[in-house]
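*Asks:* Got a structure for you, written out below as structure tokens; questions coming shortly.
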């Protein structure tokens, strides 16, 4: 245990280096507010000593007046000074509280923006890793939870300056009281530091379970899950699972909390005994005539305030160290680097693409996995060609299109555009030339126009472009039924929102593909919820509207894919067959077999 505690102390002290980049972020949020906050606290730190000294002078002056040697003018001057110090202290406190609040809000906003922007730069496969999600969750909690840390650190600096002032006054009368004071509070400080480390370790180790608790809260009370919860009577199952997990976390945390309370009480009592020992000494000095009654008041007040303040500084240090440990989660996340990046000197993207896209012996497997999602894949997609991808679930179709968009990087082999490696082009420029709609497209709880503009968010204010995209996907027929048309809020999450049917949402999502003037358009089963006739009509319209552009279409309906120039049949991540609909039927292979099976279903 002792070795573990020493390691815990070292870890907490080491974590304090996080305060430097932390305050750099705060300074960037608002240099004026940060400087004003520090200045107010420095001025405020001198007021306690000044107030105690004026109080001492008032008492001594009253005693002198009682003895017939004092003066009323000086007494009232002292009272006026004390009143002024009280008013000034209150004004400074309000100013500090205001700046703490405003600066904390700015910091939380700035950090949240930075987190969002950094997450967008990371690779897609990272978001598909549970360990990464734990890091993301811990970092997300720091964007708001650490604003308290700022106030704690600034208050710590303020109190330490105040302690220096008070120590100066105390040393002038009785230096050994300072040593007694420090010795009295150290045990309590060590106890708090130890239990803060235990609490941090518990919280960190339970990150996956806390994410599960959040998920259970969501699925137990959400408009997205309400139908299944009711129809399958899942409320009892979800509630029991939540209760079991939350109880285990409560019991683990309770053990630490109880031990912390017991040890804290014992160590605090030790400090209290030390204080009263010093208090008795000061009283005896006054009774012996070695100090005045005013000095007794000054020393007692200084010692009491220093004890409370030193205790607070020690305890707050533990909280600051704990906060700095949590802050490490934010910086660890921001330090994660994407593996898929733009080259230092990117090649200009071909305008237009003349030869097309070429896969040369491409293989891909997810990090940490032994199974190949795609292996040995070689084919050519010509400029202006329409290619359909066919295969059973898990065959690698979606992986293939993600490789095309450089959402994934090939594990082996390479992908070429007009003979140049896809990695030689700027990442953003490449993706700007690709319009892609996935089967699991997001139903954003935004306005209808915003939902469409997501396909090319830089044209959010271009109403005519949004309307044209809606016309091409037939989403305009959906928008025309909405009370506020393109300004209508979609979804039920917010007040005034209107939800759409599956088919209506798909038209909105398809409009996103038409928002950008991309040279390659990819439809990854976005019409899966439509009936066969509706999907056929969508793809006919799609083929007409993208004349002259390359396209990749994924669909399980063979009546749809037959419209493509060529069909690529994937099986277990490998190319099984490639050719036109007629060529594959004539080959009488796997494609022909499945086509005939599906055709029988419509007879």
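The values are calculated or read from the model by the stated rules, or taken from the named source; none is laboratory data. Please read these numbers as outputs of a predicted model, since none were measured by experiment. A quick note on method: Cβ atoms are made from the backbone with ideal geometry, for glycine too, and the neighbour counts reach across all protein chains shown.
*Asks:* Quick check: anything in segment 404-413 touching a helix residue (DSSP H, G or I) at 6+ places or on another chain (Cβ under 9 Å), surrounded by 16 or more Cβ atoms within 10 Å (Cβ to Cβ), part of a helix (DSSP H, G or I) and in the same structural domain as residue 542 (by TED's automatic domain parsing)?
*Replies:* yes
*Asks:* Would you check if residue 449 is buried (at least 19 other Cβ atoms within 10 Å of the Cβ), in contact (Cβ under 8 Å) with a residue 12 or more places away in the chain and over 27 Å from residue 355 (Cβ atoms)? So that I can check it myself, show each step before the final result.
*Replies:* Working: buried (at least 19 other Cβ atoms within 10 Å of the Cβ): yes; in contact (Cβ under 8 Å) with a residue 12 or more places away in the chain: yes; over 27 Å from residue 355 (Cβ atoms): yes.
Answer is yes for this residue.
*Asks:* Still on this structure: Name the single residue that is modelled with the highest pLDDT among those in segment 354-391 being closer than 26 Å to residue 120 by Cβ and out of contact with any helix residue (DSSP H, G or I) (no Cβ under 8 Å at 6 or more places or on another chain).
*Replies:* 365
*Asks:* Exactly one of these conditions fails for residue 94: (1) over 23 Å from residue 294 (Cα atoms); (2) surrounded by 14 or more Cβ atoms within 10 Å (Cβ to Cβ). Give me its number.
*Replies:* Only one criterion is unmet by residue 94, namely (2).
*Asks:* Continuing with the same structure: Within segment 282-295, can you find the residues that are touching a residue at least 24 places away in the same chain (Cβ under 8 Å) and surrounded by fewer than 16 Cβ atoms within 10 Å (Cβ to Cβ)?
*Replies:* 292, 293
*Asks:* Quick check on my filter: what residues within segment 110-124 are in contact with a helix residue (DSSP H, G or I) (Cβ under 9 Å, 6 or more places away or on another chain), more than 14 Å from residue 139 (Cα to Cα) and assigned to a helix (DSSP H, G or I)?
*Replies:* Passing the criteria: only 124.
*Asks:* For residue 549, indicate whether it is crowded, with 18+ Cβ neighbours inside 10 Å, over 20 Å from residue 393 (Cβ atoms), in the same structural domain as residue 397 (by TED's automatic domain parsing) and modelled with pLDDT of 75 or more. So that I can check it myself, show each step before the final result.
*Replies:* On the way: crowded, with 18+ Cβ neighbours inside 10 Å: yes; over 20 Å from residue 393 (Cβ atoms): yes; in the same structural domain as residue 397 (by TED's automatic domain parsing): yes; modelled with pLDDT of 75 or more: yes.
Judged against the criteria, residue 549 is a match.
*Asks:* If you don't mind, there's one more thing I want to ask. With the structure loaded, tell me whether residue 457 is touching a residue at least 40 places away in the same chain (Cβ under 8 Å) and either touching a strand residue (DSSP E or B) at 6+ places or on another chain (Cβ under 6 Å) or in a helix (DSSP H, G or I) (or both) or whether it fails that test. Show your work before the answer.
*Replies:* Values: touching a residue at least 40 places away in the same chain (Cβ under 8 Å): no; either touching a strand residue (DSSP E or B) at 6+ places or on another chain (Cβ under 6 Å) or in a helix (DSSP H, G or I) (or both): yes.
Considered against the rule, which asks whether it is touching a residue at least 40 places away in the same chain (Cβ under 8 Å) and either touching a strand residue (DSSP E or B) at 6+ places or on another chain (Cβ under 6 Å) or in a helix (DSSP H, G or I) (or both), residue 457 comes out as no.
*Asks:* Quick one: would you say residue 115 is farther than 28 Å from residue 49 by Cα and at pLDDT 85 or above?
*Replies:* Working: farther than 28 Å from residue 49 by Cα: yes; at pLDDT 85 or above: no.
No, not satisfied.
*Asks:* Right, here's the next one. Tally up the residues in segment 64-75 that are in a helix (DSSP H, G or I) and surrounded by 12 or more Cβ atoms within 10 Å (Cβ to Cβ), please.
*Replies:* Of segment 64-75, the ones in a helix (DSSP H, G or I) are 64-66, 72-75.
Right, trim to surrounded by 12 or more Cβ atoms within 10 Å (Cβ to Cβ) and you get 64-65, 74-75.
Of the residues in that region, 4 qualify.
*Asks:* Are there any helices (runs of 4 or more DSSP H) wholly within segment 460-529 with 3 or more residues that are within 30 Å of residue 417 (Cα to Cα) and more than 33 Å from the chain's Cα centre (by Cα), and if so which?
*Replies:* Numbers: elements: 463-473, 476-479, 502-513.
Correct list: 463-473.
*Asks:* Which members of segment 110-126 meet the condition of being without any contact (Cβ under 8 Å) to a residue 40 or more places away in the chain and under 20 Å from residue 328 (Cα atoms)? If you could, list the steps in order and put the result at the bottom.
*Replies:* Initial filter on segment 110-126 (without any contact (Cβ under 8 Å) to a residue 40 or more places away in the chain): 112-113, 116-117, 119-120.
Correct list: 112, 113, 116, 117, 119.
*Asks:* Considering only residues that are crowded, with 16+ Cβ neighbours inside 10 Å and part of a strand (DSSP E or B), which ones fall in segment 421-446?
*Replies:* Correct list: 425, 434, 435, 436, 437, 438.
*Asks:* Scan (1) surrounded by 12 or more Cβ atoms within 10 Å (Cβ to Cβ); (2) at pLDDT below 70; (3) part of a helix (DSSP H, G or I) for the single condition residue 212 breaks and write down its number.
*Replies:* Of the numbered conditions (1) surrounded by 12 or more Cβ atoms within 10 Å (Cβ to Cβ); (2) at pLDDT below 70; (3) part of a helix (DSSP H, G or I), the odd one out for residue 212 is (2).
*Asks:* From the list 502, 496, which one is out of contact with any strand residue (DSSP E or B) (no Cβ under 9 Å at 6 or more places or on another chain) and either more than 23 Å from residue 429 (Cα to Cα) or at pLDDT 85 or above (or both)? If you could, list the steps in order and put the result at the bottom.
*Replies:* Numbers: 496 fails: out of contact with any strand residue (DSSP E or B) (no Cβ under 9 Å at 6 or more places or on another chain).
Just one listed residue meets the conditions, 502.
*Asks:* Report yes if some residue within segment 364-386 is surrounded by 16 or more Cβ atoms within 10 Å (Cβ to Cβ) and free of Cβ contacts under 8 Å to residues at least 24 places away in the same chain; otherwise report no. Spell out how you get there, then give the answer.
*Replies:* Residues of segment 364-386 surrounded by 16 or more Cβ atoms within 10 Å (Cβ to Cβ): 364-365, 372-375, 377, 381-386.
Subsequent filtering for residues that are free of Cβ contacts under 8 Å to residues at least 24 places away in the same chain retains none.
No; the residues of segment 364-386 include none that is surrounded by 16 or more Cβ atoms within 10 Å (Cβ to Cβ) and free of Cβ contacts under 8 Å to residues at least 24 places away in the same chain.
*Asks:* While we're here: Go through segment 29-45 and report how many residues are surrounded by fewer than 19 Cβ atoms within 10 Å (Cβ to Cβ) and modelled with pLDDT under 85.
*Replies:* 0
*Asks:* Can you tell me which residues in segment 314-346 are at pLDDT below 75 and more than 30 Å from the chain's Cα centre (by Cα)?
*Replies:* Matches in segment 314-346: 314 only.
*Asks:* Is at least one residue of segment 113-123 assigned by TED's automatic domain parsing to the domain that holds residue 140, more than 30 Å from residue 410 (Cβ to Cβ) and surrounded by fewer than 16 Cβ atoms within 10 Å (Cβ to Cβ)?
*Replies:* Keep residues of segment 113-123 that are assigned by TED's automatic domain parsing to the domain that holds residue 140, which gives 113-123.
Okay, now just the ones that are also more than 30 Å from residue 410 (Cβ to Cβ), so 113-114.
Next, only the ones that are surrounded by fewer than 16 Cβ atoms within 10 Å (Cβ to Cβ) stay: 113-114.
Yes, segment 113-123 contains a residue that is assigned by TED's automatic domain parsing to the domain that holds residue 140, more than 30 Å from residue 410 (Cβ to Cβ) and surrounded by fewer than 16 Cβ atoms within 10 Å (Cβ to Cβ).
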